[in-house]
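Undergrad: Dropping a structure here in structure tokens format, bear with me for questions.
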Amino acid sequence: MSKDEVVCVTGGSGYIGSWLVRLLLDRGYTVHATVKDLNDEKETKHLLALEGADSCLRLFQIDLLDYGSIVAAVTGTVGVFHLASPCTVDEVNDPEELLEPAVRGTQHVLTAAKELGVRRVVVTSSISAITPSPNWPADVVKREDCWTDVEYCKQVKLWYPLSKTLAEKAAWNLAKEKGLDVVVVNPGTVLGPILPPTINASMAVLLRLLQGCTEEYPDFYMGPVHVKDVALAHIMVYENKSATGRHLCVESISHFGDFAAKVAEMYPSYNVPRMPKDTQPGLLRAKNGSQKLMDLGLQFIPVEQIIKDAVESLRGKGYVM
Ligand SMILES: NC(=O)c1ccc[n+]([C@@H]2O[C@H](COP(=O)([O-])OP(=O)(O)OC[C@H]3O[C@@H](n4cnc5c(N)ncnc54)[C@H](OP(=O)(O)O)[C@@H]3O)[C@@H](O)[C@H]2O)c1
């Protein structure tokens, strides 16, 4: 199936971005993928090695704070996938390091898209714009109309969830103000085969777990999802004109303790810690939390396969024995 369209993927060099570029090339799209440094082989080599890259992939260097660099990457495209954003679950010294590129970057990308006549923008938000939401009713499963509590994030210094929440809100505000067609994907903890030579924040969570780390991520976890499904979800909401609003993208809504127990069961030779049953206070479990994407035809890869693909990739790259 040849799509014969030119689209832009910001953050194309990243963990999810690389998979998205790969699936788009496979479908016949021509892709403008953005990287932070065109001279850094760690960002470019794995993309240039993708099938179809020689004829259908162009790389652009952008800085999310530099509007002109984004205009160059978006020019000539009819669709934009905005993934680029600083991504970490570790402590940060200066919150602005996360907040500024996340929020201003989103504003720059959407403004450029509108100015250049782009038809649809897919914004990669996160479950971090859905949870932590301590005031959500305890007997209702969290879903797309649930938003992260901004004041709670500021109080307990949760800068990554704050950055994703403010960035997504900025996207919806701009979409309304400028009449731009925006649709959002909110992935959970993304795991699976790694294409870039470096490891991203979510795969580092699994790596640390295999190494015995006891962190339970009470405010950062809502369920796992395979990286291929996340890339596919982006394409589905882009291509399917009936897709609107936010799309929670998890294999299931579950606790980090459930995930750790499954990893321990499948890989008993690693030093995976035992955790309490409920690691995410107040989070109701649900198998079909991502019903909107399922209704669009997405069949989520089961958690066992997510873990297998992720661990095998970490092993293959030498992160664990
Ligand atoms: N991984 C997850 O579990 C998860 C879950 C939900 C949502 N998300 C969201 O998915 C998106 C991609 O995440 P990922 O896991 O693929 O992380 P990643 O591998 O760290 O990718 C992030 C990408 O953004 C680029 N970027 C960051 N700051 C930039 C800046 N100032 N200017 C230009 N480019 C910049 C990075 O470029 P460099 O490679 O050069 O740094 C990289 O290509 C992010 O928006 C993230 O918040 C991720």
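Bear in mind that the values in this text are calculations on the coordinates, not laboratory data. Here the structure is a predicted model, which means the values were calculated and not measured. When we count neighbours, we look across all protein chains shown, and the Cβ atoms used for this are built from the backbone with ideal geometry, even at glycine.
Undergrad: Can you compute the helix-only [θ] at 222 nm over the chain? Use -39500 (n - 2.57) per DSSP H run of at least 4 residues, normalise by all residues, nearest 500 deg cm²/dmol.
TA: Result for the chain: -12500 deg cm²/dmol, rounded to the nearest 500.
Undergrad: Here is a further query. What FRET efficiency, computed as 1/(1 + (r/R0)^6) with R0 = 30 Å and r the Cβ-Cβ distance, is obtained for residue 36 and residue 56, rounded to the nearest 0.05?
TA: Numbers: r = 22 Å, r/R0 = 0.72.
After rounding, the FRET efficiency stands at 0.85.
Undergrad: Another question about this same structure. Rank the residues 60, 256, 81 as a footprinting-exposure proxy: fewest other Cβ atoms within 10 Å of their Cβ go first. Working shown, then result.
TA: Details: 60 19, 256 24, 81 31.
Taking fewest neighbouring Cβ atoms as first place, the list is 60, 256, 81.
Undergrad: Amide H of residue 60: which non-local residues (sequence gap of 5 or more, or other chain) have their own amide H closer than 5 Å, using H built in the peptide plane?
TA: Here 33, 34, 35 satisfy the definition.
Undergrad: Here is a follow-up. Normalised by the residues of the range 209-311, what does the relative contact order come to in percent, with Cα pairs under 8 Å and at least six apart?
TA: Details: 143 pairs, mean separation 41.0, N = 103.
Dividing the mean separation by the residue count of the range 209-311 yields 40 percent.
Undergrad: Measuring from centroid to centroid over Cα atoms, what is the spacing of the range 281-320 and the range 58-115 in Å?
TA: A separation of 27 Å, based on Cα centres.
Undergrad: Let me ask something else. At what distance in nm do the modelled label points of residue 213 and residue 269 sit from each other, each positioned 7 Å from its Cα along Cα→Cβ?
TA: 2.2 nm
Undergrad: Using Cα centres only, tell me the gap between the range 201-218 and the range 138-191 in whole Å.
TA: About 23 Å separates the Cα centre of the range 201-218 from the one of the range 138-191.
Undergrad: Turning to a different aspect of this structure: Enumerate the calculated ³J(HN,Hα) couplings along the range 93-106 in order (Karplus 6.51 cos²θ - 1.76 cosθ + 1.60, θ = phi - 60°), each rounded to whole Hz, writing x wherever the residue is Gly or Pro.
TA: Couplings: 6, 10, x, 4, 4, 8, 5, 5, x, 5, 7, 5, x, 5 Hz.
Undergrad: What's the exposure ranking of 214, 106, going from fewest to most Cβ atoms within 10 Å? Don't skip to the answer; put the middle values down first.
TA: On the way: 214 11, 106 30.
With the sparsest Cβ surroundings first, the list reads 214, 106.
Undergrad: FRET efficiency for residue 48 and residue 312, Cβ-Cβ distance as r, R0 = 35 Å, nearest 0.05?
TA: On the way: r = 24 Å, r/R0 = 0.70.
Approximately 0.90, to the nearest 0.05.
Undergrad: Hey, what do the phi angles of the range 18-23 turn into as Karplus ³J(HN,Hα) couplings, whole Hz, using 6.51/-1.76/1.60 and θ = phi - 60°, x for Gly and Pro?
TA: Ordered by residue, 3J(HN,Hα) equals 4, 5, 5, 4, 4, 5 Hz.
Undergrad: Once you have the Cα-Cα distance between residue 26 and residue 65, take 0.36 nm times their residue separation minus that, and quote the gain in nm to one decimal. The partial results should precede the final answer.
TA: Values: separation 39, 0.36 × 39 = 14.04 nm, distance 3.08 nm.
Between residue 26 and residue 65, full extension yields an extra 11.0 nm.
Undergrad: Taking amide hydrogens as modeled 1.01 Å from N in the peptide plane, which residues meet the under 5 Å criterion relative to residue 81, leaving out close sequence neighbours?
TA: Placed amide hydrogens put 8, 9, 10, 122 under 5 Å from residue 81.
Undergrad: When Rg is the radius of gyration of the Cα atoms in the chain and Rh is its Kirkwood radius, what does Rg/Rh come to?
TA: Working: Rg = 18.6 Å, Rh = 19.7 Å.
We get a ratio of 0.94 for the chain.
Undergrad: Moving on to the next point. Which whole-Hz ³J(HN,Hα) couplings does the range 246-263 yield from phi under the Karplus relation 6.51 cos²θ - 1.76 cosθ + 1.60, θ = phi - 60°, glycine and proline marked x?
TA: Using θ = phi - 60°, the values come out as 8, 9, 5, 10, 9, 5, 7, 7, 8, 9, 4, x, 4, 5, 4, 5, 5, 5 Hz.
Undergrad: Can you tell me the relative contact order of the range 235-295? Whole percent, Cα pairs under 8 Å, sequence separation 6 or more. Walk me through the intermediate numbers first.
TA: Working: 58 pairs, mean separation 27.6, N = 61.
Taking the mean separation of contacting Cα pairs over the length of the range 235-295, I get 45 percent.
Undergrad: Using a basic spin-label model with each label point 7 Å from the Cα along Cα→Cβ, how many nm lie between residue 239 and residue 6?
TA: Going by the 7 Å Cα→Cβ label model, 2.2 nm.
Undergrad: Over the chain, what is the mean sequence separation of C-alpha contacts under 8 Å (at least six apart), divided by residue count, expressed as relative contact order in percent? Provide the component values of the computation, followed by the final result.
TA: Working: 658 pairs, mean separation 54.3, N = 321.
So the answer I get is 17 percent.
Undergrad: Another question, if that's okay. With a 10 Å cut-off between alpha carbons and a GNM built on the chain, which of 74, 227, 205 moves the most?
TA: Ranking 74, 227, 205 by mean-square fluctuation puts 205 first.
Undergrad: So, one more: Going by how many other beta carbons lie within 10 Å of each one, how would you line up 115, 151, 168, fewest first? List each step's numbers first, then the result.
TA: Values: 115 13, 151 9, 168 26.
The most exposed by this proxy come first: 151, 115, 168.
Undergrad: Quick one: grab the alpha carbon gyration tensor of the range 237-321, order the square roots of its eigenvalues as a ≥ b ≥ c, and give me rounded if a/c is under 1.5, else prolate or oblate depending on whether a/b is larger than b/c.
TA: Numbers: a/c = 3.11, a/b = 1.55, b/c = 2.01.
Oblate.
Undergrad: Using amide H atoms built 1.01 Å from N in the peptide plane, name the residues 5+ places from residue 143, or on other chains, whose amide H lies under 5 Å from its own.
TA: Close amide H contacts, sequence-distant or interchain: none at all.
Undergrad: If R0 is 25 Å, what FRET efficiency do you get for residue 181 and residue 144 from their C-beta distance, rounded to 0.05?
TA: Working: r = 18 Å, r/R0 = 0.70.
My answer for the efficiency is 0.90.
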